[in-house]
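Take a look at the structure below.
The values are calculated or read from the model by the stated rules, or taken from the named source; none is laboratory data. Model, not experiment: these values are computed from the prediction. Here the Cβ positions follow ideal geometry from the backbone for every residue, glycine too, while neighbour counts run over all protein chains shown. Accessible surface is based on the protein model in full, side chains and every heavy atom, while ligands, DNA and RNA are left aside. Shrake-Rupley method; radii C 1.70, N 1.55, O 1.52, S 1.80 Å.
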Amino acid sequence: VQLVESGGGLVQAGGSLRLSCAASGRTFSSYAVGWFRQAPGKEREFVAAISWSGGSTYYADSVKGRFTISRDNAKNTVYLQMNSLKPEDTAVYYCAAAYSGKPRAIYEYDYWGQGTQVTVSS
């Protein structure tokens, strides 16, 4: 599975962005997908995840109620809608795919994209 993120950019606090994670590979619909982020000088952290069917979603407390993860398996794409953005959301955002395991655990993910920069100005 190969993953490519897009949709990052510069936005003012309170604004919105939608990230996309496009996947190649016929088995993409069998994988759970997660979004992680890494700010300068910090460890990569879990943001959100969605099960292979889209029936289950998971969020970090810091983004719950502001971010929404969704997927369209027909398009091999997972989305992260980010609303009410804050300066502390500034980071490189990565999508990743996991065949099984705990959706919040970074070590469960086998395939990673190259990342897309999100910058939120105050």
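When you go through (1) open to solvent by less than 60 Å² (accessible area, probe 1.4 Å); (2) of a type in the set (Asp, Glu); (3) over 18 Å from Ser24 (Cα atoms) one by one for Asp61, which number turns out not to apply?
(1)
Just checking, which of Ser30, Ser51 is over 14 Å from the mean Cα position of the chain (by Cα), farther than 20 Å from Gly115 by Cα and in contact (Cβ under 8 Å) with a residue 40 or more places away in the chain?
Ser30
Filter segment 1-18 down to the residues that are closer than 13 Å to Tyr93 by Cα and either among the acidic types (Asp, Glu) or in contact with a Leu (Cβ under 8 Å, 6 or more places away or on another chain) (or both), then identify the one that is most open to solvent (accessible area, probe 1.4 Å).
Selected residue: Arg18.
Search segment 1-24 for residues that are assigned to a strand (DSSP E or B) and pair each with any residue that is among the acidic types (Asp, Glu) when their beta-carbon atoms are under 9 Å apart and the residues are at least 6 apart or on different chains.
Leu19/Glu5; Ser20/Glu5; Cys21/Glu5; Ala22/Glu5
Return only the number of the condition from (1) touching a strand residue (DSSP E or B) at 6+ places or on another chain (Cβ under 6 Å); (2) part of a loop (DSSP other than H, G, I, E, B) that Tyr58 does not satisfy.
Here Tyr58 clears every test but (2).
For segment 25-48, how many residues are at pLDDT 95 or above, among the aromatic types (Phe, Trp, Tyr) and not in a strand (DSSP E or B)?
Residues meeting the conditions: 0.
I need the full set of residues from segment 65-103 which are in a strand (DSSP E or B), under 17 Å from Gly8 (Cβ atoms) and of a type in the set (A, V, I, L, M), in order please.
Within segment 65-103, Ile69, Val78, Leu80, Met82, Ala91, Val92, Ala96 qualify.
If Gln38 satisfies all but one of (1) surrounded by 14 or more Cβ atoms within 10 Å (Cβ to Cβ); (2) more than 13 Å from Thr116 (Cα to Cα), what's the number of the condition it fails?
(2)
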